[in-house]
Structure formats: structure tokens, C-alpha cells
Amino acid sequence: MYKVFKRTGDIVLSLAAIIILIPFFIPVAILLLLTAEHKLFYVQKRIGYKNKPFYIWKFATMLKNSPNLGTGSLTLRNDWRVTSVGKLLRKTKFNEVPQVFNILMGDMSVIGPRPLMVVDFQKYPEDIQEIIYNVKPGITGIASVIFRDEEKYLSGADMDPHEFDRKYIAPYKGQLEVWYQRNISFMTDLKIFFYTIFVVLNPGREFHFSGFKGLPAKPSFFTTRS
């Protein structure tokens, strides 16, 4: 029953978002087509439901060849590959809006683990790789809320960002997504949805772990890095 209602909700929300946001698509499209590399959409293969690949849609915010430049799949603070318009879109998360079409097509849900590139998916421990996409990937999720400013931790790492991601961030994200699957419900999804709005509107505010019961213990780098 939960899956049926969730899919129905995904369809309703994605259609509503498309209708409401169409007026905003036009000026964004014009800005992207007139600046940087004149590219509107960023389409990339990601890992999806039951570990099957699909193509995710976003507004283009980085140089076309960015996966092969700099830190590759990871984006750091003040990353030189991000375009001027892209900085604003990423700050407001508006670059993620085209994923409403992924939701409408059934590749994604509103709430779920973020779909990753293969190179980042493989940073998860093997036991996590086997189960993390037993639910559809989402446009936001518990890990997305907690790691609203992931670039801060990657940029402040005293080691290679990919190594820091593999050793510290990915394992904790995996624990968070296991928690989500164990606590999956309409109420959990609703809380994640509203927490997402909160952290987007209040990027400087620290996430309060008390908002969700039974979350894995906060890792030490949350308090030791700034």
C-alpha cells in the first residue's frame, strides 16, 4: 500500500512541480544558453533502483568536461568548474529541478537515496551496495538533508577528497540510508521533505539530529571541520 501511495504522490507532485515551475524554466534556460558553454541540460548515467542504470537530468551548472577535470565526480567549495549561473542554481538546488521528469517517468522518487555515478557508488561498502537501492533513488533523502553542505567537508579534508569520501562520508551515508529503509513510512518521507526545505532556506543552520529518532551517531568530522 505504501508503494502505491508513494508512486501516486510522486506523479502528482512531479506534475504539479512542472506546471508551477515552467515560468521559471524559461529565464533559467535563456541564462544558460547565453552563458558559459551554452548548454541547458546535464544528462548523466547514474545507479538507480535495484542497481540498474538510468539517465538523470539536471540543469547544466559545470563545464561540459567536468567529470574528467579537477576532482571529477566530486564538487568542492568555489570549484572552478562551476559556471557563474551554475553557482546560483546549485546554491538554491534549482539545478535539481529537471529531475521531476525522472520522477514522472518512474526512474526516481521524491524521497530516497541520491543516485550516484558508478565511481561514487563503488565507494560504499559492499553490503551497502547490495541494499541501498532497494528503494528508488530520490531527489532528496536523509543523507541529502544531513549533507546539505557536503562540499565543506570535502574541501576541508586533509587528504584526497575521493579518499575522504570513501573512508568517512560514504560509509556514514550508507548507514543513514539503511536507517531510512528500516524506518520508511509516510511520516518519515514527510519529515525529510520539510527538512529539505528548511536546510535549503537556512544553509548556515546546523542540522539537529534529534529531529529523527535512532539516526546513526554523528561522525566526529561533523564537529571538527568547518
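Annotations for the structure displayed:
- Residue satisfying all of: in the range 194-226; modelled with pLDDT under 90, polar (S, T, N, Q) and assigned to a helix (DSSP H, G or I); farthest from Pro161 (Cα to Cα) among these: Ser210
- Criterion: within 20 Å of Pro137 (Cα to Cα) and either surrounded by 14 or more Cβ atoms within 10 Å (Cβ to Cβ) or in contact with a His (Cβ under 8 Å, 6 or more places away or on another chain) (or both) - qualifying residue of Leu190, Leu215: Leu215
- Condition met for Ala60 (in contact with a Gly (Cβ under 8 Å, 6 or more places away or on another chain) and at positive phi): no
- Taking (1) farther than 30 Å from Ile184 by Cα; (2) in contact with a Ser or Thr (Cβ under 9 Å, 6 or more places away or on another chain) in turn, Ile30 satisfies each apart from (2).
- Scanning the range 8-57 for residues being touching a residue at least 60 places away in the same chain (Cβ under 8 Å), buried (at least 16 other Cβ atoms within 10 Å of the Cβ) and not in a helix (DSSP H, G or I) gives a total of 4.
- Any hit, the range 192-214, residues being under 19 Å from the mean Cα position of the chain (by Cα) and within 20 Å of Tyr124 (Cα to Cα): no
- A single entry from Ile184, Ile128 fulfils the requirement of being part of a loop (DSSP other than H, G, I, E, B), over 30 Å from Leu34 (Cα atoms) and of a type in the set (A, V, I, L, M, F, W, C): Ile184.
- Taking helices (runs of 4 or more DSSP H) as the structural unit, those lying wholly within the range 72-125 and holding at least 2 residues that are of a type in the set (Ser, Thr, Tyr) and in contact (Cβ under 8 Å) with a residue 40 or more places away in the chain correspond to 84-92.
The values are calculated or read from the model by the stated rules, or taken from the named source; none is laboratory data. Bear in mind the structure is a predicted one, so any value in this text is a computation, not a measurement. All Cβ positions, even for glycine, are placed from backbone atoms using ideal geometry, and neighbour counts span all protein chains on display.
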